[in-house]
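Structure, as structure tokens:
The values are calculated or read from the model by the stated rules, or taken from the named source; none is laboratory data. Since we're looking at a predicted model, the values are computed, not measured. Cβ placement follows ideal geometry from the backbone for every residue including glycine, while neighbour counts extend to all protein chains displayed. These area figures cover heavy atoms from the full protein model, side chains too; ligands, DNA and RNA do not enter into them. Shrake-Rupley method; radii C 1.70, N 1.55, O 1.52, S 1.80 Å.
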Amino acid sequence: MPRIVSLIASATEIVCALGCEDQLVGRSHECDYPPSIRRLPICTEPKFDVTGSSRDIDQRVKDLLRDALSVYRVHAEKLAELRPEVIVTQTQCEVCAVSLKDVEQAVCRAFASRPKIVSLAPNALADVWVDIQHVADALDISPRGSELVDRLKSRMAAITQQAGTLPDRPTVACIEWIDPLMASGNWMPELVEMAGGVNLFGEAGKHAPWMTWEELCSRNPDVILVLPCGFDLERTRAEMPALTNRTEWPQLRAVCGRRTYLLDGNQFFNRPGPRLVESLEILAEVMHPAAFRFGHEETGWQRV
């Protein structure tokens with residue numbers, strides 16, 4: 001049974017869903033689910049101040065990346081102390097979590113013998129299933145990976161099938177960053193379509209694109225979902241004046257129809273792991289409240 005350090009929140013959830021929580025010996029500063037893993041020592045930290053507005057954070061991250069600097073720091077000494085045999089990281093987004101490059105540099109400094117590095121790359125929904133199996137294979141529990149993927153797919157298929165019978169398919173704009181505006185990409189367009197909506201911005205399998213107010217107003221969606229990457233509901237609500245104070249906001253169809261919602265992007269939508277199923281449930285009950293009721297209101301989503 002290998003000792004595991006997970007340096008990405010979604011991977012920590014994957015490891016636990018595979019029944020290997022007891023093998024985790026370290027985590028990243030962002031890993032917080034299931035709550036029981038918060039006891040584990042933290043092996044990373046951001047190099048920028050994570051407080052302040054969306055625009056403040058955006059500028060700090062851009063400054064670091066412009067100078068070819070990493071956004072996160074890996075504590076090599078802590079890794080050496082924990083003696084992991086498997087380290088899980090990612091190559092999908094250098095802004096969202098510790099990168100493969102950061103981990104390789106830390107491992108070179110900390111270890112004479114090399115632990116196995118498992119790097120995940122979830123660009124689309126199908127990649128999430130591949131990554132779950134990748135982790136299971138690395139832990140020598142391949143059958144558990146297949147079983148977990150089958151269960152998750154089955155739950156999603158049931159929602160997709162029911163949503164496909166509904167006559168109403170609202171147009172949807174997913175806002176992944178508030179200031180400046182960014183739409184959701186990667187697996188989000190797929191989830192919106194599976195939940196019975198028509199995604200207006202962002203492409204499946206591609207990174208989140210920037211969006212202008214002119215584009216948002218021109219497409220004028222039926223539903224607006226605000227789910228900033230890394231923000232919980234409370235912080236998202238605190239950021240909402242950057243949207244609601246715009247002169248264009250009250251004129252949007254979604255606002256006039258009272259179909260604007262805050263979603264917990266941090267816990268659900270921006271974590272490509274097992275809880276993408278709950279993310280799909282949230283989308284379904286927000287877009288089709290008469291047909292779906294999973295009980296996620298207030299914990300996973302709120303009305304603006």
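Within segment 270-283, track down each residue that is assigned to a loop (DSSP other than H, G, I, E, B) and of a type in the set (S, T, N, Q). Within segment 270-283, just 270 meets the criteria. Taken together, the residues in segment 190-223 that are in contact with a His (Cβ under 6 Å, 6 or more places away or on another chain) and among the acidic types (Asp, Glu) amount to 0. Residues that are open to solvent by 20 Å² or more (accessible area, probe 1.4 Å), in a helix (DSSP H, G or I) and more than 13 Å from residue 53 (Cβ to Cβ) within segment 238-269 comprise 244, 250, 251, 253, 255, 256, 266, 267, 268, listed in sequence order.
Every condition in (1) small (Gly, Ala, Ser); (2) more than 15 Å from the chain's Cα centre (by Cα); (3) at pLDDT 95 or above is met by residue 119 except one, and the failing one is (3).
All conditions in (1) out of contact with any Gly (no Cβ under 8 Å at 6 or more places or on another chain); (2) modelled with pLDDT of 85 or more; (3) crowded, with 18+ Cβ neighbours inside 10 Å; (4) within 30 Å of residue 177 (Cα to Cα) hold for residue 86, with the sole exception of (4). Tell me, please, whether a residue that is of a type in the set (D, E, K, R), part of a helix (DSSP H, G or I) and modelled with pLDDT of 65 or more can be found in segment 64-79. Yes, the conditions are met somewhere in segment 64-79. Within the option set 222, 179, being within 29 Å of residue 30 (Cα to Cα) and either touching a Phe, Trp or Tyr at 6+ places or on another chain (Cβ under 8 Å) or open to solvent by 30 Å² or more (accessible area, probe 1.4 Å) (or both) holds for one residue only, 179. Is it true that residue 230 is free of Cβ contacts under 8 Å to residues at least 24 places away in the same chain, part of a loop (DSSP other than H, G, I, E, B) and surrounded by fewer than 22 Cβ atoms within 10 Å (Cβ to Cβ)? Taking the combined requirement at face value, the residue does not satisfy it. Restricting 205, 197 to those that are buried (at least 23 other Cβ atoms within 10 Å of the Cβ) and small (Gly, Ala, Ser) reduces the list to 197. The sole residue among 149, 135, 103 that is surrounded by 14 or more Cβ atoms within 10 Å (Cβ to Cβ) and modelled with pLDDT under 75 is 103.
In segment 167-174, the condition of being in a loop (DSSP other than H, G, I, E, B) and surrounded by fewer than 16 Cβ atoms within 10 Å (Cβ to Cβ) is met by at least one residue. For residues in segment 208-219 being surrounded by fewer than 20 Cβ atoms within 10 Å (Cβ to Cβ) and in contact (Cβ under 8 Å) with a residue 12 or more places away in the chain, which is nearest to the chain's Cα centre (by Cα)? Of everything passing the filter in segment 208-219, 209 is nearest to the chain's Cα centre (by Cα). All of (1) out of contact with any Gly (no Cβ under 6 Å at 6 or more places or on another chain); (2) surrounded by 13 or more Cβ atoms within 10 Å (Cβ to Cβ) hold for residue 288 with one exception: (1). When the criteria are applied in full, residue 245 fails the requirement of being among the polar types (S, T, N, Q), on the phi > 0 side of the Ramachandran plot and modelled with pLDDT of 95 or more. Look at segment 140-166: where a residue is under 17 Å from residue 196 (Cα atoms) and a partner is open to solvent by 90 Å² or more (accessible area, probe 1.4 Å) and basic (Lys, Arg), sitting 6+ places away or on another chain with Cβ atoms under 9 Å, you get 163/169. Pairing residues of segment 265-286 that are of a type in the set (D, E, K, R) with residues that are assigned to a helix (DSSP H, G or I), at Cβ distances under 8 Å and at least 6 apart in sequence or on separate chains, gives 271/9; 271/10; 271/13; 275/13; 275/267; 275/268; 278/268; 281/159. Among the criteria (1) at pLDDT 95 or above; (2) touching an Asp or Glu at 6+ places or on another chain (Cβ under 8 Å), the one residue 179 does not fulfil is (1).
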